[in-house]
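Engineer: I am attaching a structure below and will ask some questions about it afterwards.
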Amino acid sequence: MKKRSIIVLTLLAGCLPTLCTKSEKTLTVEVSNEWTQNKTDEPVVIDLNNLKAGFNIKSATVWEGNKEIPSQLDDLNGDARADELAFLIDMPAKKQ
């Protein structure tokens with residue numbers, strides 16, 4: 001049986017409250033460790049351009065179950081738009 005981590009991402013579009021309403025989108029991502037050894041503080045990077053959220057992502061939270069995981073949005077090309085979401089997780093080795 002493979003051990004998998006289910007990660008829930010909540011992505012928010014921010015704007016001035018008087019001009020528009022905030023949008024929220026929740027996505028579930030499944031991450032698995034196929035190695036035979038445990039992974040500690042394993043980096044996970046999600047390319048936001050491939051998510052097609054439909055809005056400019058201004059903030060994001062990452063949850064594993066009911067525990068929030070520290071994360072960061074990165075603007076890689078300096079266009080003031082988040083390009084990736086990065087965070088670290090612990091992942092047990094695959095089970096056989």
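Taken together, the values in this text are just the output of simple stated rules run on the coordinates, not laboratory data. On a predicted model such as this, the values are computed, not experimentally measured, just so you know.
Engineer: When the Karplus curve 6.51 cos²θ - 1.76 cosθ + 1.60 is applied with θ = phi - 60°, which whole-Hz ³J(HN,Hα) does each residue of segment 54-67 get, with x for Gly and Pro?
Structural biologist: x, 7, 6, 7, 9, 8, 8, 10, 10, 10, 10, x, 9, 10
Engineer: How much length is gained if the chain between Asp74 and Trp35 is pulled fully straight, taking 0.36 nm per residue apart and subtracting their Cα-Cα distance, in nm to one decimal?
Structural biologist: Contour length minus the Cα-Cα distance gives 11.3 nm.
Engineer: In terms of modelled amide H atoms, which long-range or inter-chain residues lie less than 5 Å from the amide H of Ile69?
Structural biologist: Residues meeting the criterion, in which the H sits 1.01 Å from N, are Val62, Trp63, Glu64.
Engineer: Between Glu84 and residues 5 or more places away or on another chain, which pairs have amide H atoms under 5 Å apart, with H built 1.01 Å from N, and which residues are they?
Structural biologist: Leu48, Asp74, Leu76
Engineer: Once the piece of chain linking Lys25 and Ala93 is laid out straight, how much longer is it, given 0.36 nm per residue of separation minus the C-alpha distance between them?
Structural biologist: Extra length available between Lys25 and Ala93 comes to 21.4 nm.
Engineer: For Asp90, which sequence-distant residues (separation of 5 or more, or a different chain) have an amide H within less than 5 Å of its own amide H, given hydrogens modelled in the peptide plane?
Structural biologist: Asp41, Glu42
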